[in-house]
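Here the structure is laid out as structure tokens; the discussion comes afterwards.
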Amino acid sequence: MSVLHPDVLTHDTEGALPVRLIGRGQALSGAEAVWAKAHDFTGKAGQLLMLAGPDGALVGAMFGTGDRFDPVSVRGLAARLPAGLWRLEGLPGDQAERAAQAFALGSYRFDRYKARQPSGVRLSVPAHVDVEALSRIAAACALAREMIDTPAADMGPLQIETVAREIAEAHEAAFTVTTGEALLEENYPAVHAVGRAATTERAPRVIEIGWNLKRTDLPLVALVGKGVVFDTGGLDIKSAAGMRNMKKDMGGAAHALALGRLVMQAGLAVRLVVLVAAVENAVSADAFRPGDILNSRKGLSIEIGNTDAEGRLILADVLTRASEHAPDLTLDFATLTGAARIALGPELPPLYTDDEALASDLLAAASAVGDPMWRMPLWPGYVAALETEIADVKNDSSAWAQAGSVTAALFLQKFAPTTGAWAHLDIFAWNPRARPGWPEGGEAQAMRACFEMLSRRYAI
Ligand code: BES
Ligand code: MN
Ligand code: ZN
């Protein structure tokens, strides 16, 4: 897949036009002050004013930073500047890296189906900024976003497999796919049940990448992703509004794969396993039903209260698979519940973990790179909401417990590896409102933070 313009960030300086960062009320002089006043430019955060020379040529721009410069605002700048090479003037040196990262993230556009001129906007960054590293991170976010933005018809289980295969091959990693009936032979009964209603070309599959596995001296990290390529809800079919954006329901898989690629590119001192369950939650005569009782890889029986709570079913099997590697650390990403966005809105993914060190490392990394998450409780009092008389567990929690994102996390906890720490991110993976730098559509969430945490823990 195409990703991002590879040299949005550069150390080239030749001909770079300045974008001057101007705080609110900052004094300007001469012609500039007059020009600013004529345009009501006050330095308010996000204001952008182009500057022309005496001959009318573009010579630079002023960008309002308000009361305090927030490097994240540079994301919007990237999407608004005209083509050319730019440099940020008046940027505190310690903010250069975050500003550059924001600029690269803000340059993403989804143009797979709508041919557009390349934006041609580039940023010249100071010599101390690691262009390679920042570009790789931006490319990982772009990959996840592009996978999410691609319609389900063109991002089915096979296409996810293809992306995964390319990533594995580029890093000489082991690659295994278990598809269709083989899921039953290889003991992935829940993945099979959820995905079997799809057409044969879109058969369910478990995709596994293994990297560096011979280095048994190194800690093992498992990255797990929910890859529901389209979630109709199954027989408990969603409303039109509820179904509209469900091409994004493979967002967790996109995150796990893109993060896995980053870990391999950076050569972190770990063994890595990436596990993705890719299925279509479709409606057909062969679909699994409310009231069915599924077996799981772990051997726990699961009563289906609602076929729309499908993500936790496929994750149950791949989390069990992950636990067979005895990981030291497992991270899973999933667009698991609508309840997560009721609790925290679309911009703040809930983080669940019982490991205090992991929670604090993740939250520290999240604030360091401006990729937020919010810790929520694995509240043991609500485990009872997953109980049923006729199976080991049920997939739709009893209404009394209310907290749908919490009970979904508690369901996953029953299957998560216990050898090491485990964290679950209930991501939204989508920008619901369009702003410059944040186009409506797929979004990478908590992935840069996870990579920062992994880089700090497992630097080479
Ligand atoms: N993929 C959805 C969750 C979702 C919906 C994420 C909207 C982001 C936006 C998931 O499979 C689902 O349908 N969950 C149900 C669970 C319920 C039936 C117990 C939900 O959250 O309503
Ligand atoms: Mn669903
Ligand atoms: Zn779903």
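Quick one: in region 330-387, of everything that is of a type in the set (S, T, N, Q) and open to solvent by less than 30 Å² (accessible area, probe 1.4 Å), which residue is nearest to Asn431 (Cα to Cα)?
Within region 330-387, the match that is nearest to Asn431 (Cα to Cα) is Thr335.
Taking region 90-111 as the region of interest, how many residues are assigned to a loop (DSSP other than H, G, I, E, B), at negative phi, open to solvent by 50 Å² or more (accessible area, probe 1.4 Å) and out of contact with any Asp or Glu (no Cβ under 7 Å at 6 or more places or on another chain)?
3
Can you name the residue in region 45-63 that is touching a residue at least 12 places away in the same chain (Cβ under 8 Å) and among the small types (Gly, Ala, Ser) and is also most open to solvent (accessible area, probe 1.4 Å) among such residues?
For region 45-63, the residue satisfying everything is Ala45.
If you check every pair at least six apart or on different chains, which have Cβ atoms under 6 Å apart with a residue in region 318-339 that is over 18 Å from Val263 (Cβ atoms) first and a residue that is among the hydroxyl-bearing types (Ser, Thr, Tyr) and within 16 Å of ligand 3 (Cβ to nearest atom) second?
Thr337/Ser405; Ala339/Ser405
Which residues, counting only those in region 12-44, are on the phi < 0 side of the Ramachandran plot, under 37 Å from the mean Cα position of the chain (by Cα) and open to solvent by less than 70 Å² (accessible area, probe 1.4 Å)?
Answer for region 12-44, where residues must be on the phi < 0 side of the Ramachandran plot, under 37 Å from the mean Cα position of the chain (by Cα) and open to solvent by less than 70 Å² (accessible area, probe 1.4 Å): Ala16, Leu17, Pro18, Val19, Arg20, Leu21, Ile22, Gly23, Phe41.
Could we say that Leu275 is more than 14 Å from ligand 1 (Cβ to nearest atom), closer than 25 Å to Ala152 by Cβ and within 19 Å of the chain's Cα centre (by Cα) here?
yes
Between residues in region 151-164 that are closer than 13 Å to Ala198 by Cβ and residues that are polar (S, T, N, Q) and part of a helix (DSSP H, G or I), which pairs lie under 6 Å by C-beta distance while being six or more apart or on different chains?
Pairs that qualify, where the first residue is closer than 13 Å to Ala198 by Cβ and the partner is polar (S, T, N, Q) and part of a helix (DSSP H, G or I): there are none.
Consider Leu362 against the criteria (1) outside any loop (DSSP other than H, G, I, E, B); (2) within 16 Å of ligand 1 (Cβ to nearest atom): it satisfies all of them except one. Which criterion is unmet?
Every condition holds for Leu362 apart from (2).
Residue by residue through region 403-415, note down the ones that are more than 16 Å from Pro350 (Cα to Cα) and either under 20 Å from the mean Cα position of the chain (by Cα) or surrounded by fewer than 19 Cβ atoms within 10 Å (Cβ to Cβ) (or both).
Lys414
So which residues in region 304-329 are within 12 Å of ligand 1 (Cβ to nearest atom), open to solvent by 10 Å² or more (accessible area, probe 1.4 Å) and not in a helix (DSSP H, G or I)?
Once the filter is applied, which keeps residues that are within 12 Å of ligand 1 (Cβ to nearest atom), open to solvent by 10 Å² or more (accessible area, probe 1.4 Å) and not in a helix (DSSP H, G or I), region 304-329 yields Gly305, Asn306, Asp308, Ala309.
Do the conditions hold for Ser301, that is, is it of a type in the set (Ser, Thr, Tyr), surrounded by 17 or more Cβ atoms within 10 Å (Cβ to Cβ) and away from ligand 1 (no atom under 16 Å from the Cβ)?
So Ser301 fails the test.
Which members of region 416-436 meet the condition of being surrounded by 22 or more Cβ atoms within 10 Å (Cβ to Cβ) and more than 12 Å from ligand 1 (Cβ to nearest atom)?
Ala416, Pro417, Trp422, Ala423, His424, Leu425
For region 428-442, indicate whether the set of residues that are within 16 Å of ligand 3 (Cβ to nearest atom), touching a residue at least 24 places away in the same chain (Cβ under 8 Å), closer than 26 Å to Ala133 by Cα and in a loop (DSSP other than H, G, I, E, B) is non-empty.
Yes, region 428-442 contains at least one residue that is within 16 Å of ligand 3 (Cβ to nearest atom), touching a residue at least 24 places away in the same chain (Cβ under 8 Å), closer than 26 Å to Ala133 by Cα and in a loop (DSSP other than H, G, I, E, B).
Within the set of pairs 6 or more residues apart or between chains, which connect a residue that is in contact (Cβ under 8 Å) with a residue 40 or more places away in the chain inside region 125-146 to a residue that is in a loop (DSSP other than H, G, I, E, B) and β-branched (Val, Ile, Thr) with Cβ atoms less than 7 Å apart?
Val131/Val125; Ala139/Val3; Ala142/Val3; Leu143/Val3; Glu146/Val3
The values are calculated or read from the model by the stated rules, or taken from the named source; none is laboratory data. Values in this document were obtained by computation on a predicted structure and should not be read as measured data. Using ideal geometry, Cβ is built from the backbone for each residue, glycine included, and neighbour counts are taken over all protein chains shown. Please note that ligands, DNA and RNA were not included when accessible areas were found on the heavy atoms of the full protein model with its side chains. Shrake-Rupley method; radii C 1.70, N 1.55, O 1.52, S 1.80 Å.
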